[in-house]
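Report on one structure; see the data block that follows.
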Amino acid sequence: AEPGDDAYLTQDLGFNFPFYGVSYANVCIASNGNLTFRAAGQASSSAFDASTTSSTETLVELRSGPARIAAYWNDLDARAAATTGDSGIYLQRASDRVTITWHNVSDYAANLRDITPGVHRFQAVLFADGRIQLNYAQVQLTANAMVGLSPGSALNTPTLVNLSAAPTNVFNRAFAEFFSLNPGIDELAVAKTFYATHPNRDAYDFIYVMTDFDYDVAGSQASYIPVRNEIRGIGLPQFNNDPANTLGTQRLQGVISLSNIRTLYPDLPTTRALGGYHTLSLMLQQTGRRWLAGTRYTGGDAAVLLGRDEGFWSTFMHTPSVLDHPAARRSSVMEGNLWLDYQDGRFASSSLADGFSLLDHYLMGLRSFTGVPDTFVITNPTAPAGVDRAYGVRPDLIVSGGRQTVNINQLIQANGARLPDKGAAQKSFRAAFILVTQDPSQTSATITKITRTRLAFESYFAQSTDYLASIITGLSEQNASLVVASASAASYQKCLSPGEMTALFGAGLANATAAARTVPLPTTLADVSVLVDGVPAPLYFVSPTQINFQVPRNTKYQTLSPGHQSATALIEIYLSSKLHRTGPMQIAFATPAIFTLNATGTGAAAAIDAIRYTNGPFNARTADGAPNIIAAFGSGLGVDATDVDGNFANSVTATFNGTAGRVLYAGRAPGFTGLNQFNIQFPANLSAGTYTLIVSRNGIPSSPVSVTVK
């Protein structure tokens, strides 16, 4: 038999083989040293294929994958080029048994770097009466391997055994001996231990497990382990993987494994270093797998919307995030991209991954189907080499193909309505964060890092759901919201720029109210300080529910990898020198905004007649008949044009109901830190009325405000 690398062949046994109470007529022989079984009538699936051919042996995969005999589960090389001569995999049938032999099969060398591949000779013998015999002539452990049995599709933690002294008791669950040169953990066993030591605290929807040491992460730095799902209409089956309440919880929906939080993640959870993701977006993605993305579609290719593992959106799907802004393009963390349609059969991706999309919100139960606009997927794509539907989020891709509209009603037709719907769906969640350590005396810095991360995640989750849902990451005694939200102090738009005047909202932010009375602005008021990416921010005002500050001028507004003209920064609020609140914000070079007279970000612009120094309504013309000039005030023009001298009018435009005015001056406003001034001449022949004013820099528009002309 020659299945190839990371592949399997299905062979008839010639008898019905009893295994954990189920009879199997066929066996799937995998190249990586294990056998799996598919029940009669069970169709193949991508999940079955992926698990059977998996080259990463884990206890999680052993128990949750298909029924399996792991004779020597390891990443083995069974390609024709690597199994010359009599090397290879053999099948021998007899009337009462079938023998499968891996003969002189070596490790897959490319994964071992400088380690010499081991050479292995071993057998699995399946007897018609259900006995299993594993024979070993030679094995050479180079990294990890597993030997064991599993009934499959189970949540119970496998029993670890020592096969040198074979156990004589009866097993009704998976059992294995795991051989490794590296340590490992079982995340569900961690959860079980947590509940055992925290009785009467069945209060958590999610558990995040992390370590401060390296271990075998099975090829994935972060993963989601589902426990139960009762929701219909989202493309996922209803299931309860713990019907006997083995874990000690009837509420837990899933466990998120984050591996080594100390060394694999940046100190700031907003630093992109994880394939274009930052710590928070990776956590959000794995949390989102509770609901997303397995949605089928009507038509010939039911999985046309799906990408990696059919658990994420296709690379070629248009998935704009609720955090998207013209200066900081963002698509869903559940993959897909923000695609610009050139209207000639070509499409360009332009986004980083941050937040959820409106379609994600519907599937999470946060929005009605009526609130989900049409989107699209690129069909029959011609893409750069290596780019397929599983490629994920990446800016600056150019793809050719067709455009297929995706309508929410088509998704409902294919998957059924989402039940429970928006009115009854859960929107408040609680999570526990668990650190597994080998040395509890050395965890202080790691716990500080986790605290910063989990507090920021509360704010990020709220932002990503458009504040329609919340997650609390403290123990069950914490009930107060720790969410903070930042926005332009002028327009309340979500994306900000260095030097911009910013408002930060939350509850319990300070113990007193205070305003700055000195210039330069202080960085501490009422015992409160704000850091942006670790840099103290100048403060205008602090109160228990609002803090006004200036984004530090040296805040980075570019992402280096992948290259993008925007970034994500971390805001930290310290109260009495102790970390109090934290959350992310999107940063770009320029995000122009105009203040309004009612301080809501909408309505009449904060402006004066630049000739007469009077308030509006404004004359359409000056005394000599020329178009009048107004001075409007705002912020967010960019660090190069804020609090420094110079006129940047050549990069700024202004329109009144779409008709261009003439920008005479754009730059600092004298006498106030962070304030910008725009001197704008009206278009010729402007008649009396109220006009919508939009100011743009380098093509990035402000939110609309109004100007009344008499």
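Can you name the condition, by its number, that Tyr277 falls short on among (1) modelled with pLDDT under 90; (2) aromatic (Phe, Trp, Tyr); (3) farther than 22 Å from Arg173 by Cβ?
Condition (1) is where Tyr277 drops out.
Looking at (1) closer than 19 Å to Gly254 by Cα; (2) buried (at least 18 other Cβ atoms within 10 Å of the Cβ); (3) of a type in the set (A, V, I, L, M, F, W, C), which is the only condition Ala176 fails?
(1)
Out of the residues in the stretch 55-95 meeting the condition of being at pLDDT 90 or above and hydroxyl-bearing (Ser, Thr, Tyr), tell me which one is nearest to the chain's Cα centre (by Cα).
So, considering only residues that are at pLDDT 90 or above and hydroxyl-bearing (Ser, Thr, Tyr), the one nearest to the chain's Cα centre (by Cα) is Tyr72.
For the stretch 383-402, enumerate the residues that are at pLDDT 95 or above and more than 18 Å from Ser331 (Cα to Cα).
Ser400, Gly401, Gly402
Within the group Ala567, Ala512, Ala610, which residue is closer than 30 Å to Ala654 by Cα, more than 25 Å from the chain's Cα centre (by Cα) and at pLDDT 95 or above? Spell out how you get there, then give the answer.
On the way: Ala567 fails: more than 25 Å from the chain's Cα centre (by Cα); Ala512 fails: closer than 30 Å to Ala654 by Cα.
Just one listed residue meets the conditions, Ala610.
Which ranges mark the strands (runs of 3 or more DSSP E) fully within the stretch 562-633 that have 1 or more residues being touching a His at 6+ places or on another chain (Cβ under 8 Å)?
Fully inside the stretch 562-633 and qualifying: 566-575, 578-588.
For the stretch 656-692, what are the residues that are touching a residue at least 40 places away in the same chain (Cβ under 8 Å) and within 42 Å of the chain's Cα centre (by Cα)?
Going through the stretch 656-692, the residues touching a residue at least 40 places away in the same chain (Cβ under 8 Å) turn out to be 656, 673-684, 686-688.
Answer for the stretch 656-692, where residues must be touching a residue at least 40 places away in the same chain (Cβ under 8 Å) and within 42 Å of the chain's Cα centre (by Cα): Phe656, Thr673, Gly674, Leu675, Asn676, Gln677, Phe678.
Which of the following residues is touching a strand residue (DSSP E or B) at 6+ places or on another chain (Cβ under 6 Å), part of a strand (DSSP E or B) and surrounded by fewer than 19 Cβ atoms within 10 Å (Cβ to Cβ): Leu664, Leu693? Steps first, please.
Working: Leu693 fails: surrounded by fewer than 19 Cβ atoms within 10 Å (Cβ to Cβ).
Exactly one of Leu664, Leu693 is touching a strand residue (DSSP E or B) at 6+ places or on another chain (Cβ under 6 Å), part of a strand (DSSP E or B) and surrounded by fewer than 19 Cβ atoms within 10 Å (Cβ to Cβ), namely Leu664.
Would you check which residues across the stretch 225-235 are assigned to a strand (DSSP E or B) and closer than 13 Å to Asp205 by Cα and list them?
Ile225, Pro226, Arg228, Asn229 - these are the residues of the stretch 225-235 that are assigned to a strand (DSSP E or B) and closer than 13 Å to Asp205 by Cα.
In the stretch 185-198, what residues are touching a strand residue (DSSP E or B) at 6+ places or on another chain (Cβ under 8 Å) and either in the same structural domain as Tyr72 (by TED's automatic domain parsing) or outside any loop (DSSP other than H, G, I, E, B) (or both)?
Once the filter is applied, which keeps residues that are touching a strand residue (DSSP E or B) at 6+ places or on another chain (Cβ under 8 Å) and either in the same structural domain as Tyr72 (by TED's automatic domain parsing) or outside any loop (DSSP other than H, G, I, E, B) (or both), the stretch 185-198 yields Glu187, Leu188, Val190, Ala191, Phe194.
Filter the stretch 39-74 down to the residues that are assigned to a helix (DSSP H, G or I), closer than 16 Å to Asp6 by Cα and of a type in the set (A, V, I, L, M) and list them by number. Reasoning before the result, please.
Going through the stretch 39-74, the residues assigned to a helix (DSSP H, G or I) turn out to be 46-52, 59-64.
Then drop every residue that is not closer than 16 Å to Asp6 by Cα, which leaves 46-52, 61.
Of everything in the stretch 39-74, those that are assigned to a helix (DSSP H, G or I), closer than 16 Å to Asp6 by Cα and of a type in the set (A, V, I, L, M) turn out to be Ala47, Ala50.
Please find, within the stretch 353-382, the residue that is farthest from Phe312 (Cα to Cα) out of those that are of a type in the set (Gly, Ala, Ser) and touching a residue at least 60 places away in the same chain (Cβ under 8 Å).
Residues of the stretch 353-382 of a type in the set (Gly, Ala, Ser): 353, 355, 357, 365, 368, 371.
Cutting the leftovers down to touching a residue at least 60 places away in the same chain (Cβ under 8 Å) gives us 353, 355, 365.
Values: Ala353: 13, Gly355: 14, Gly365: 18 Å.
Out of the qualifying residues, it is Gly365.
Pick from Glu187, Glu177: which is touching a Gly at 6+ places or on another chain (Cβ under 7 Å) and either acidic (Asp, Glu) or more than 30 Å from Tyr224 (Cβ to Cβ) (or both)? Before you say what the answer is, go through the steps one by one.
Details: Glu187 fails: touching a Gly at 6+ places or on another chain (Cβ under 7 Å).
The conditions single out Glu177.
Among Ile450, Ile471, which is within 16 Å of the chain's Cα centre (by Cα), at pLDDT 95 or above, of a type outside the set (D, E, K, R) and buried (at least 18 other Cβ atoms within 10 Å of the Cβ)? Quick ask: steps written out before the conclusion?
Working: Ile450 fails: within 16 Å of the chain's Cα centre (by Cα).
Going through Ile450, Ile471 in turn, just one is within 16 Å of the chain's Cα centre (by Cα), at pLDDT 95 or above, of a type outside the set (D, E, K, R) and buried (at least 18 other Cβ atoms within 10 Å of the Cβ): Ile471.
Give the stretch 319-338 a look and list any residue that's of a type in the set (Ser, Thr, Tyr) and part of a strand (DSSP E or B), or say none. Please lay out each step first, then the result.
Step one: of the stretch 319-338, the residues of a type in the set (Ser, Thr, Tyr) are 319, 321, 331-332.
Hits for the stretch 319-338 are Ser321, Ser331.
Given Val542, Val528, which one is among the β-branched types (Val, Ile, Thr), closer than 20 Å to Ser635 by Cα, in the same structural domain as Cys495 (by TED's automatic domain parsing) and modelled with pLDDT of 95 or more?
Details: Val528 fails: closer than 20 Å to Ser635 by Cα.
Exactly one of Val542, Val528 is among the β-branched types (Val, Ile, Thr), closer than 20 Å to Ser635 by Cα, in the same structural domain as Cys495 (by TED's automatic domain parsing) and modelled with pLDDT of 95 or more, namely Val542.
Mind listing whichever residues of the stretch 274-318 are farther than 19 Å from Ala414 by Cα, in a loop (DSSP other than H, G, I, E, B) and free of Cβ contacts under 8 Å to residues at least 60 places away in the same chain?
Hits for the stretch 274-318: nothing passes.
Check the stretch 521-528 and report whether any residue there is touching a residue at least 12 places away in the same chain (Cβ under 8 Å), aliphatic (A, V, I, L, M) and not in a strand (DSSP E or B).
yes
The values are calculated or read from the model by the stated rules, or taken from the named source; none is laboratory data. Since the structure is predicted, the reported quantities are computational estimates derived from the model, not experimental observations. All Cβ positions, glycine included, derive from the backbone under ideal geometry; neighbour counts span all protein chains shown.
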